[in-house]
1. With a sphere of radius 15 Å drawn around the Cβ of LYS113, what net charge do the other residues whose Cβ falls strictly inside it have (Lys, Arg +1; Asp, Glu -1)?
2. If you find the alpha carbon centre of the range 101-132 and of the range 43-67, how far apart are they in angstrom?
3. What Kirkwood hydrodynamic radius do you get for the range 1-92 when you take the inverse of the mean 1/r over all pairs of distinct Cα atoms, in Å?
4. At 1.002 mPa s and 20 °C, plugging the Kirkwood radius over alpha-carbon pairs of the range 60-113 into Stokes-Einstein gives what diffusion coefficient in µm²/s?
5. If a paramagnetic tag sat 7 Å from the Cα of ARG70 along the Cα-Cβ line, which residues of the range 32-47 would have the backbone N under 19 Å from that point?
6. Over the heavy atoms of VAL71, what accessible area does a 1.4 Å probe trace out, to the nearest 10 Å²?
7. Provide the percentage of antiparallel DSSP beta bridges, counting only those with both residues in the chain; round to the nearest 5.
8. Ignoring any ligand, DNA or RNA, what whole percent of the accessible area of the range 1-50 comes from carbon and sulfur when the probe is 1.4 angstrom?
Amino acid sequence: MNAARLADQLVRWLRSEVEAARASGLVLGLSGGVDSAVVSRLAQQAFPDDHLSLILPIQSEERDLEDARRVAAQFGLRLREIALDPVYDAFASTLGAQADPDGKPDLPLANHKARLRMIAIYYHANRERYLVAGTGNRSELTLGDFTKYGDGGVDLLPLGHLVKSEVRE
């Protein structure tokens with residue numbers, strides 16, 4: 001299918017779903033990756049005045065943050081950036097989390113990054129009466145590459161039926 005035609009269909013679908021839910025617009029996390037960039041742009045096209053992209057760094061790579069900021073600037077996205085490091089660090093400390101002696105990442109704690117981001121996204125969704133647009137695609141869903149109650153806990157998943165190569169297109 002033609003990429004422009006597919007984008008138009010997704011924009012119409014987003015409008016229809018938001019209207020059916022009696023919501024006002026869309027909010028999502030903007031990571032700097034292609035999926036979140038595409039969904040941010042679709043949200044903006046569907047709701048020019050009622051979309052919000054959130055950059056929510058937690059021990060994030062500066063390059064990813066720069067990519068996210070560049071996408072937001074290029075398209076004039078409505079954007080907020082909220083550093084969640086202090087909340088994450090306090091939470092990890094409260095849990096008594098400690099670094100693995102072998103230097104391996106603490107996967108359960110890493111999953112809480114996605115969950116903490118989703119808490120922040122839903123806060124803004126509830127404030128604005130927006131729905132949360134997820135950025136996952138069919139490739140990620142098929143592989144289970146998402147965090148339950150984190151990036152997998154969304155209201156709408158506009159790319160959920162597309163494999164990664166289709167998203168890039």
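The values are calculated or read from the model by the stated rules, or taken from the named source; none is laboratory data. Owing to the predicted nature of the structure, the values given are computational and were not obtained by experimental measurement. Reconstructed Cβ throughout: ideal geometry from the backbone, glycine too, with neighbour counts over all protein chains shown. Surface areas here come from the heavy atoms of the whole protein model, side chains and all, with no ligands, DNA or RNA. Shrake-Rupley method; radii C 1.70, N 1.55, O 1.52, S 1.80 Å.
1. -4
2. Using only Cα atoms to place each centre, the spacing works out to 14 Å.
3. 14.1 Å
4. Here the translational diffusion coefficient equals 159 µm²/s.
5. Residues passing the 19 Å test: 32-42.
6. 30 Å²
7. Of the beta bridges lying entirely in the chain, close to 0 percent run antiparallel.
8. Of the solvent-accessible surface of the range 1-50, carbon and sulfur hold 46 percent.
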